[in-house]
Amino acid sequence: MVEKPVFHNKQEIDLWKKLSSRSWRSDEQLTEFLDSVLSRQGAVGSAVLVGCIDAAVARKLPNRKDIMVKLAAKSRPNDSLPSLTAASALIDMGEYDDADSLVTKVRGRNIPFQCCVRAKLDLARGDNDSARKNLTRARCSDTSFPMFYELMEKIDPAGGWMHRRNIELVANGREPIPFGDVAGDSMPKALFSIYADWFGGRRE
């Protein structure tokens, strides 16, 4: 089941509908919309901010770094998702210090995502040992969190981590995530086939 975002007022619903339409004819049109979000009084809901960050990244806006940092700052006190989403995108851009600053401000909220973003930053800086420690924390908090497996795949490509991820997903009643064909046989691949058959109803 896909979780639907929770909105606090009609204005946020309207913003979400605009974001969902993805009808940006130009960078200028999107920038104007993002400016309208940033100019709103008070905090803005997590779903809207994440949607804005994703839109800025998808369009590769020239000033997206500053926009993402400002959008993250519009979060409500208990909303860590915008900051972590922005931090992950900043890492992809090579903006490690800005990403570090955003992650550091997030404390005790959304542990799997926070630890994975921290691990992603560690990997970008070449610190695989620290990345592993953060990923261990992420997995202890949520064994089915997909980003953990994506990052472990980078550290240990031969570990069958995409199959391990899908084992956890089907075991938790969720749909497996498709990925590229993997040649050859492996224990995780064989184990996933067993889990997929079992939870798919074929229990001979």
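The values are calculated or read from the model by the stated rules, or taken from the named source; none is laboratory data. All values derive from a computational prediction rather than experimental measurement. Glycine gets a Cβ as well: all are built from the backbone with ideal geometry, and neighbour counts include every protein chain shown. Calculation scope for accessible area: heavy atoms of the full protein, side chains included, ligands and nucleic acids excluded. Shrake-Rupley method; radii C 1.70, N 1.55, O 1.52, S 1.80 Å.
With a 1.4 Å probe and all protein chains left in place, how much of the accessible area of the stretch 1-64 comes from carbon and sulfur atoms, in whole percent?
Summing carbon and sulfur atoms, their accessible area is 52 percent of the total for the stretch 1-64.
Order 28-41, 57-70 from most to least packed using the mean count of other Cβ atoms within 10 Å. Please list the in-between numbers first.
Numbers: 28-41: 13.9, 57-70: 17.0.
Result, highest mean first: 57-70, 28-41.
What FRET efficiency do you get for residue 109 and residue 29 if R0 is 35 Å and r is their Cβ-Cβ distance, rounded to the nearest 0.05?
0.60
Return, for the Cα atoms of the stretch 100-148, the radius of gyration and Dmax in Å, separated by a comma.
Looking at the stretch 100-148, its Cα Rg and Dmax stand at 10.0, 27 Å.
Charges at C-beta only: +1 for Lys and Arg, -1 for Asp and Glu. How large is the resulting dipole of the stretch 1-56 about its Cα centre, in Debye rounded to 20?
240
Along Cα→Cβ, 7 Å out, is where each label goes; now give me the distance between the ones at residue 124 and residue 156 in nm to one decimal.
Inter-label distance under the simple model: 2.5 nm.
With all distinct Cα pairs included, what does the Kirkwood hydrodynamic radius of the stretch 46-100 come out to in Å, to one decimal, could you say?
10.8
Please report the equivalent ellipsoid semi-axes of the stretch 1-90, computed as sqrt(5 x eigenvalue) of the Cα gyration tensor, largest first, in whole Å.
Working: eigenvalues 66, 48, 34 Å².
Taking √(5λ) for each eigenvalue gives 18, 15, 13 Å, largest first.
To the nearest Å, what is the center-to-center distance of the stretch 13-65 and the stretch 140-170, using C-alpha atoms only?
Each part reduced to its Cα centre gives a spacing of 31 Å.
Report the semi-axes of the equivalent ellipsoid for the stretch 16-175 in whole Å, largest first, where each axis is √(5λ) for an eigenvalue λ of the Cα gyration tensor.
Whole-Å semi-axes of the equivalent ellipsoid: 29, 17, 15.
Return one whole number: the accessible area per residue of the stretch 53-145 in Å², for a 1.4 Å probe. Please list the in-between numbers first.
Working: 4560 Å² over 93 residues.
On a per-residue basis, 49 Å².
Can you give the FRET efficiency to the nearest 0.05 for residue 133 and residue 36, using r as the Cβ-Cβ distance and R₀ = 41 Å?
0.50
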